[in-house]
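Presented below is the structure to which this report refers.
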Amino acid sequence: GTRMGTKKTPLFDWHAGQGANIVEFGDYLMPVWYASSKDEHLAVVRAAGLFDTSHMAVVRVLGPGAFDLLQWCFTRDLCACVGKDSAPITPGKCVYGAFLDEHGHAIDDSIVYKVADEEYVVVVNASMGGPIAAHLAGQAKARNLNVRVIDLTDQLGKIDIQGPASIKIMWKLLKSPEQVFDKLPYFSFKGHFDPASPFAK
């Protein structure tokens, strides 16, 4: 196994080259601040900031039994979890909740994204991709569900932009911002990390 704090995100060398203050976080060496933590904090509160979130794990849940598996394992009712009307989750929507073990103890909090009826993406915290994937695979087997669980830990990079100026900044960078931001309400998403996916178009 890997020692604590020995994993690096794809952007680690850039962070180090920019003089980042690096700490151990969930098995990863992560930047916490650069020149001034106060100024950087205020920049995110007042404008925007970029965060390397590549340490977060991505697990794909695919197949005819994907919904039933997540409905069983996740703390949110996927039939009634979206918006003030508690609508069912639909493609392009995501929901925050947690995964529990058989004793009701939390394994990790998570966001579940619905891409299609038989395709979901689960994003969990650093070092939790393996445990969550194993838990889901075990529960699928126990319930004889037709599901593939794919742990993409350390195979994807991810950057978040956060702060009130985020949309204004992204509007200048995206090829078709009006298309991206059209019908993009709270806790929804567009695009796919696999360019072959119809959802990537």
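The values are calculated or read from the model by the stated rules, or taken from the named source; none is laboratory data. Note that the structure is predicted; figures quoted are calculated from it, not measured. Calculation scope for accessible area: heavy atoms of the full protein, side chains included, ligands and nucleic acids excluded. Shrake-Rupley method; radii C 1.70, N 1.55, O 1.52, S 1.80 Å.
The calculated 222 nm mean residue ellipticity attributable to helices in the chain amounts to -7000 deg cm²/dmol, summing -39500 (n - 2.57) over DSSP H runs of n ≥ 4 and dividing by all residues. Here the stretch 1-159 carries DSSP beta bridges of which approximately 95% are antiparallel, counting only pairs with both residues inside.
Under a Gaussian network description of the chain, with springs only between Cα atoms under 10 Å, the residue in R60, R148, R46 that fluctuates furthest is R46. Among D101, D77, D85, the largest mean-square fluctuation in a Gaussian network model of the chain (Cα springs under 10 Å) belongs to D85. Using every pair of separate Cα atoms, the Kirkwood estimate puts the hydrodynamic radius of the stretch 99-167 at 13.9 angstrom. Exposure check, 1.4 Å probe, all protein chains in place: I22 carries approximately 60 Å² of accessible surface.
Within the straight-line cut-off of under 18 Å between alpha carbons, the lysines reachable from K84 are K93, K183, sequence neighbours fewer than 8 places apart in one chain being disregarded.
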